[in-house]
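The values are calculated or read from the model by the stated rules, or taken from the named source; none is laboratory data. These figures come from a predicted structure and were not determined experimentally. For neighbour counting, all protein chains shown are included, and Cβ atoms are generated from backbone atoms with ideal geometry for every residue, glycine included.
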Amino acid sequence: MSYTKLELQPLFDKIDELKPAFIERLSKAVAIPSVSGDESLRPKVVDMAHFLVKELTSLGFEDIQVKELGIQPPPVENPKLELPPVVLARLGNDKSKKTVLVYGHYDVQPALKEDGWATDPFTLVHDSVKDILFGRGSTDDKGPVMGWLNVVEAHNELKWELPVNLVCCFEGMEESGSVGLDKLIAQEAEAYFKGVDTVCISDNYWLGTTKPVLTYGLRGCNYYQVSIKGPGADLHSGIFGGIIAEPMTDLIKVLSQLVDGQGRILIPGIAEMIAPLTDKENALYDDIDFSVEELNAASGSKTSLYSEKQDILKHRWRYPSLSVHGIEGAFSGGGAKTVIPSKVIGKFSIRTVPDIESNKLDELVIDFVNKKFAELNSPNVIKAELIHDGAYWVSNPFNDAFTAAAKATEDVWGVKPDFTREGGSIPITVTFEQSLGTDVLLLPMGRGDDGAHSINEKLDVSNYINGCKTLGGYLHYYGRG
Ligand code: BES
Ligand code: MN
Ligand code: MN
């Protein structure tokens, strides 16, 4: 497909010129440890919201609103913990223009230097030899969120009007299940979000490291915890070992029966809910640029369960997976502490796909866990529960938004993007689609090896800067298309 190119060179040149300011903006954002999953850092998440308000204000955004979402529902340590606010802002309200809602999240995953980071995770470090920016949130999702602000700054500097009305919705709980946002979107559908024509989310990644993509699918995520409680306090294993039932032993027995070493989920009833693979879908995987080598490079290992790209992609995109994440309350330090932990909480999640029914899944999972625990005949007490869930999403990539984004991508990167799905989850995607009745486009900035959630998370400077051009170009093609 060929298309008429828009004259976007001045915008692209301005974005290049503003590179130092854009890196500075991202540095300030990364310096705020807005970890939503760590209750003690909640004030920092709130600081990050206020940082955004400050930036949005100085860029000339209008009608900036900080929407409080109330108290965080259980399970939480602090029963009075306030949810971080959602930041709404608007630029332009011209009836003759289309309106694009951009969503991003300003919270990040936890990160500690001790986890193995080469540099302090909350200091953006520019490796000028490799031209890479390292820091927590650089790619997930502070880089892309700053990207939207950068696009506006470039327009302001050029004294260009934005080609669309822009509505921003930035949340601070995405990494913890987007608690409270569904309700806000439903409330604002006919208010703040009235007139929105399309939604663009930049919170995902290229599949590999060289070819841009546009994304039309995500897996969902149902996150569970199993707590097992025994003695009244942590105990000495020399005094109590062998004569009381240990919660940790029970928990490990239960967790070990959820999934096998080949990644097969062992809970009955889930496989039957997966949508069958049609010949048409099966053929799509052949044309995607990917290889087991790219997977190995991204994982930093040779631990792939599959050698064929088709199998890897299917298992990342269209089959469910179960991961065991951790055990709260377990001894995890160095040394050899002879403790019997009194209460342990196992955490695991299932990535969901069409046509798994979320409630049915919860029932299957929780019943299975309880049944396996009952088989142990343990006097300890178990509680298995859902912490949060987020739906999967698959859309049709042949609409105006995808077409506009494909043109912008080709302008900036010189190649046509691949159309991909993702294995990760952005719970709010389906809510936008359903509550606003619009399409959603996922337009990534970073690369497949950026290490979101991992140590040494990074964003290549070229992806940051060209990513800004792509976001800006998309607004122009969409707005004028
Ligand atoms: N940016 C990710 C979503 C994502 C992950 C997109 C991988 C593409 C590939 C997002 O910030 C994220 O991490 N989401 C969580 C959601 C969960 C807490 C419900 C996730 O996928 O673990
Ligand atoms: Mn993200
Ligand atoms: Mn994330």
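When only residues in segment 438-458 that are under 18 Å from ALA405 (Cβ atoms) and among the hydrophobic types (A, V, I, L, M, F, W, C) count, which is surrounded by the most Cβ atoms within 10 Å (Cβ to Cβ)?
Checking each candidate, the answer is MET445.
For segment 253-283, enumerate the residues that are farther than 20 Å from SER321 by Cβ and surrounded by 12 or more Cβ atoms within 10 Å (Cβ to Cβ).
The answer is LYS253, and nothing else.
Can you pull out the residues in segment 393-413 that are in contact with a Ser or Thr (Cβ under 7 Å, 6 or more places away or on another chain) and crowded, with 24+ Cβ neighbours inside 10 Å?
Listed by number, the residues that qualify are TRP393, ALA401, ALA408, THR409.
Filter segment 1-45 down to the residues that are within 18 Å of the chain's Cα centre (by Cα) and small (Gly, Ala, Ser), then identify the one that is nearest to SER138 (Cα to Cα).
Only one residue fits best here, namely ALA29.
So which pairs qualify, if the first residue must be in segment 99-110 and closer than 15 Å to GLU433 by Cα and modelled with pLDDT under 95, the second must be more than 12 Å from ligand 1 (Cβ to nearest atom) and of a type in the set (Lys, Arg), the Cβ gap must be under 8 Å, and the two must be at least 6 apart or on different chains?
Every condition considered, no pair remains.
Considering segment 459-481 alone, what residues qualify as being within 16 Å of ligand 2 (Cβ to nearest atom) and either under 12 Å from LYS407 (Cα atoms) or surrounded by fewer than 24 Cβ atoms within 10 Å (Cβ to Cβ) (or both)?
Correct list: LEU471 only.
So, LYS416, is that one more than 18 Å from ARG219 (Cβ to Cβ), crowded, with 22+ Cβ neighbours inside 10 Å, at pLDDT 95 or above and not aliphatic (A, V, I, L, M) or not?
no
Of the numbered conditions (1) of a type in the set (Asp, Glu); (2) in contact (Cβ under 8 Å) with a residue 12 or more places away in the chain; (3) away from ligand 2 (no atom under 16 Å from the Cβ), GLU422 satisfies every one except a single condition; which is it?
Unmet condition: (3).
I need the full set of residues from segment 174-199 which are within 16 Å of ligand 2 (Cβ to nearest atom) and touching a helix residue (DSSP H, G or I) at 6+ places or on another chain (Cβ under 7 Å), in order please.
SER178, LEU181, VAL199
Residues being in contact with a helix residue (DSSP H, G or I) (Cβ under 8 Å, 6 or more places away or on another chain) and not in a helix (DSSP H, G or I): count how many of those fall in segment 3-60.
13
Which one of ASP311, ASP367, ASP362, ASP355 is farther than 30 Å from GLY37 by Cβ, of a type in the set (D, E, K, R) and modelled with pLDDT of 95 or more?
Of ASP311, ASP367, ASP362, ASP355, the one residue that is farther than 30 Å from GLY37 by Cβ, of a type in the set (D, E, K, R) and modelled with pLDDT of 95 or more is ASP311.
Suppose we keep only residues that are among the hydrophobic types (A, V, I, L, M, F, W, C), within 16 Å of the chain's Cα centre (by Cα) and buried (at least 22 other Cβ atoms within 10 Å of the Cβ) within segment 169-198. Which one would you say is nearest to ligand 3 (Cβ to nearest atom)?
Applying the filter and picking the extreme gives MET173.
In contact (Cβ under 8 Å) with a residue 60 or more places away in the chain and either within 16 Å of ligand 3 (Cβ to nearest atom) or outside the structural domain of VAL151 (by TED's automatic domain parsing) (or both), is that true of SER378?
For SER378, the condition - in contact (Cβ under 8 Å) with a residue 60 or more places away in the chain and either within 16 Å of ligand 3 (Cβ to nearest atom) or outside the structural domain of VAL151 (by TED's automatic domain parsing) (or both) - is met.
Check GLU433, GLU385, GLU363 and return the single one that is without any contact (Cβ under 8 Å) to a residue 24 or more places away in the chain and over 27 Å from LEU295 (Cβ atoms).
Going through GLU433, GLU385, GLU363 in turn, the sole match is GLU363.
When residues of segment 425-445 are filtered for being touching an Asp or Glu at 6+ places or on another chain (Cβ under 9 Å) and near ligand 1 (Cβ under 9 Å from one of its atoms), how many remain?
Residues meeting the conditions: 4.
Restricting the search to segment 448-470, which residues are touching a residue at least 12 places away in the same chain (Cβ under 8 Å) and either of a type in the set (S, T, N, Q) or over 28 Å from SER299 (Cβ atoms) (or both)?
Matches in segment 448-470: ASN456, SER462, ASN463, ASN466, CYS468, LYS469, THR470.
Quickly run through segment 111-126 and pick out the residues that are within 28 Å of LEU88 (Cα to Cα) and either free of Cβ contacts under 8 Å to residues at least 12 places away in the same chain or hydroxyl-bearing (Ser, Thr, Tyr) (or both).
THR123
Having 2 or more residues that are within 30 Å of SER395 (Cα to Cα) and of a type in the set (Val, Ile, Thr) is the bar; report the strands (runs of 3 or more DSSP E) wholly within segment 164-265 that clear it.
Hits in segment 164-265: 198-201, 213-218.
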